[in-house]
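The values are calculated or read from the model by the stated rules, or taken from the named source; none is laboratory data. This one's a predicted model, so the numbers in the text were calculated from it and none came from an experiment. Positions of Cβ are generated from backbone atoms using ideal geometry, with glycine treated the same way; all protein chains shown enter the neighbour counts.
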Amino acid sequence: MKRDHIERSPRLYVTEIIDGIEKIEAFTKGLTREAFLKDPLRIDAVDANLRNIGEATRVLAKHPSIKSKFYYYRIPYKMLSELRNALGHEYFSSDPNAMWNMAMNILPNLKPQFRKILEEL
């Protein structure tokens, strides 16, 4: 592993993921899909937090003990890492509908799983 990956505790990365999910929840609270799609500031905020979640997940997946927890808690770490890559490298083709789906349907189900991992660290 690169030096920057071992300097930070896995606990910090999991905390960043939970914080990112909570920020996304705050940015989308009370919104309809249509309102979200018309709000470029919220889209950018969700985009930035999804990138952070994806990057933290990618780094954590390099830790064998954490990767086994991802399997145990059925966290789709590959999907989250790939989402980060897609958002980070497909500069003008980010899909706000996909972001909305992630914010409304996927992340709320993953937050308790990440909390369980955090409790175990």
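What residue, among those in the stretch 1-29 that are modelled with pLDDT of 95 or more and among the small types (Gly, Ala, Ser), is farthest from the chain's Cα centre (by Cα)?
26
Conditions first: (1) closer than 30 Å to residue 120 by Cβ; (2) at pLDDT 95 or above. Residue 33 passes all but one, so which condition is the exception?
Failed condition: (1).
Name every residue in the stretch 29-60 that is farther than 17 Å from residue 94 by Cβ and either touching an Asp or Glu at 6+ places or on another chain (Cβ under 8 Å) or not basic (Lys, Arg) (or both), in order of residue number.
Matches in the stretch 29-60: 30, 31, 32, 34, 35, 56, 57, 59, 60.
What are the residues in the stretch 66-103 that are surrounded by fewer than 19 Cβ atoms within 10 Å (Cβ to Cβ), modelled with pLDDT of 90 or more and assigned to a loop (DSSP other than H, G, I, E, B), if any?
73, 74, 76
Of all residues in the stretch 50-65, count the ones that are assigned to a helix (DSSP H, G or I) and either of a type outside the set (S, T, N, Q) or surrounded by 24 or more Cβ atoms within 10 Å (Cβ to Cβ) (or both).
Total meeting the criteria: 11.
With part of a helix (DSSP H, G or I), among the small types (Gly, Ala, Ser), in contact with a helix residue (DSSP H, G or I) (Cβ under 9 Å, 6 or more places away or on another chain) and surrounded by 15 or more Cβ atoms within 10 Å (Cβ to Cβ) as the only criterion, which of 45, 35 stands out?
On inspection, the qualifying residue turns out to be 45.
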